[in-house]
Amino acid sequence: MRNVRPLALSGLIILASWIGGHSAWASESDGRLDIYFIDVEGGAANLIVTPTNESILIDSGYPDNNGRDRDRILDVVRNVAGLERIDHAVVSHWHLDHYGNHAALAAEIPIGQFWDRGIPDALQEDKDFETRIADYRSASQNESRTLRAGNTFELDSPETRLTVKVVTASREVIDNTGIPNPHAGESEPMPEDTSDNAASVSLLFTFGKFKYLTCGDLTWNVEAALVTPNNPIGMVDLFMVTHHGLPTSNNPALVHAIDPTVAVMCNGPTKGGHEQTIATLKGVKSLQNWYQLHRNVNLPDEAQAPKAFIANSDPTVNCEGIWVKASVAADGESYTVQIGPNGKPQTYQTREKVR
Ligand SMILES: [Zn+2]
């Protein structure tokens, strides 16, 4: 992941440290960009594997539960993606359902570089932050790198250009360029969110024509700041529904403006997957399907995604932790989405983006 600007030098140092470090399967790469949504029961863990088998893990689920989320992540990394290391481990923000296993993973598998929004001195909503962050600091050997809005990285990709841009971090958003957002008026401001959700790192991946947006738990007012009055992101193909599908996020001014074809919601049986968010998704002009990691046990079946688009229907105690995978063709022109190893991949065409 070479930083195009403004940290080109440090980017080179990182690149050098990876040489020889990729998976033994790197030479068998199929040129595709794979995006796994790992079920961590209402937390988040999103693994991206590039055409050269460089791996980026964004968030790591909840700690404890006998290593449940750590083990699910390791299973996908090793046994599904066939990797022997994680090249980049990103923390979207400092809540336990997002950085719960960074330290535990580092004890099990080599991690090349840690990335986050910067480590605050304290966190008002977590009285144990000091202890928890000590584990992260130790696992990252105090060398995690700070992501800032506007940072852009180029990833190795021989056939089709692959970039990742930080579009929000620490409540900062990228410059409000682009064409006016016709959905800007759909956002009424909410009371200020002083939690770390509002500080989430949001990343825009661009692979040829294909675009994927993931925003952690970014909340309403910062979502609005990002895309009003203008939309600097444009349209995307794939969208990770923000904040597990909770209605304090997923401002229609953002969700309708980016107009995804496919959305994936990382909800749990009783967390997220909210009907207001589902109503917002149903208002997306180009949306063909949305996938849920879980059936929301508190909503009737007809109020959520059809059964075939729900990865896990059982309560957590019986849950197998089935993942959802999107896989983008080497030329970026189409992609498939499938549920679990035995799911039938459904193909979608990458759209021409009308900005
Ligand atoms: Zn969360």
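The values are calculated or read from the model by the stated rules, or taken from the named source; none is laboratory data. Here the structure is a predicted model, which means the values were calculated and not measured. As a convention, Cβ positions derive from the backbone with ideal geometry for all residues, glycine included, and neighbour counts pool all protein chains shown.
Quick one: how many residues across region 87-111 are small (Gly, Ala, Ser) and either farther than 19 Å from Ile38 by Cβ or in contact with a Leu (Cβ under 8 Å, 6 or more places away or on another chain) (or both)? Of the residues in region 87-111, 1 are small (Gly, Ala, Ser) and either farther than 19 Å from Ile38 by Cβ or in contact with a Leu (Cβ under 8 Å, 6 or more places away or on another chain) (or both). Restricting attention to region 24-54, and to residues there that are under 13 Å from the mean Cα position of the chain (by Cα) and among the small types (Gly, Ala, Ser), which single residue is farthest from the ligand (Cβ to nearest atom)? Ranking the qualifying residues of region 24-54, first place goes to Ala45.
Looking at Arg117, Arg137, can you tell me which residue is over 25 Å from Leu293 (Cα atoms), within 16 Å of the ligand (Cβ to nearest atom) and not polar (S, T, N, Q)? Show your work before the answer.
On the way: Arg137 fails: within 16 Å of the ligand (Cβ to nearest atom).
Arg117 is the lone residue from the list that is over 25 Å from Leu293 (Cα atoms), within 16 Å of the ligand (Cβ to nearest atom) and not polar (S, T, N, Q).
How many residues are part of a strand (DSSP E or B) and in contact with a helix residue (DSSP H, G or I) (Cβ under 8 Å, 6 or more places away or on another chain) when one looks only at region 69-93?
We begin by selecting, within region 69-93, every residue part of a strand (DSSP E or B); these are 86-90.
With in contact with a helix residue (DSSP H, G or I) (Cβ under 8 Å, 6 or more places away or on another chain) added as a condition, the list becomes 86-87, 89.
Here the count works out to 3.
Within region 210-231, residues that are in contact (Cβ under 8 Å) with a residue 60 or more places away in the chain reach partners that are acidic (Asp, Glu) and more than 15 Å from the ligand (Cβ to nearest atom) with beta carbons closer than 6 Å, at six or more positions or on different chains, in the pairs Phe210/Asp237; Lys211/Asp237. All conditions but one from (1) crowded, with 22+ Cβ neighbours inside 10 Å; (2) in contact with a strand residue (DSSP E or B) (Cβ under 6 Å, 6 or more places away or on another chain) apply to Gln113; the one that does not is (1).
Of all residues in region 245-273, which are within 16 Å of the ligand (Cβ to nearest atom) and buried (at least 24 other Cβ atoms within 10 Å of the Cβ)? Result: Gly245, Ser249, Asn250, Val264, Met265, Cys266, Asn267, Gly268, Gly272, Gly273. The set of residues from region 197-221 being surrounded by fewer than 24 Cβ atoms within 10 Å (Cβ to Cβ) and either part of a helix (DSSP H, G or I) or within 15 Å of the ligand (Cβ to nearest atom) (or both) comprises Ala198, Asn221. Residue-level check: of (1) part of a helix (DSSP H, G or I); (2) buried (at least 21 other Cβ atoms within 10 Å of the Cβ), Gly185 misses just (2).
Of the candidates Asp193, Asp175, the single residue that is within 16 Å of the ligand (Cβ to nearest atom) and either at pLDDT 95 or above or not in a loop (DSSP other than H, G, I, E, B) (or both) is Asp193. Restricted to region 80-96, and to residues there that are more than 16 Å from the ligand (Cβ to nearest atom) and touching a residue at least 60 places away in the same chain (Cβ under 8 Å), the residue that is farthest from the chain's Cα centre (by Cα) is Glu84. Which residues, taken from region 294-343, are more than 15 Å from Ile38 (Cα to Cα), without any contact (Cβ under 8 Å) to a residue 24 or more places away in the chain and assigned to a strand (DSSP E or B)? Result: Ser334, Thr336.
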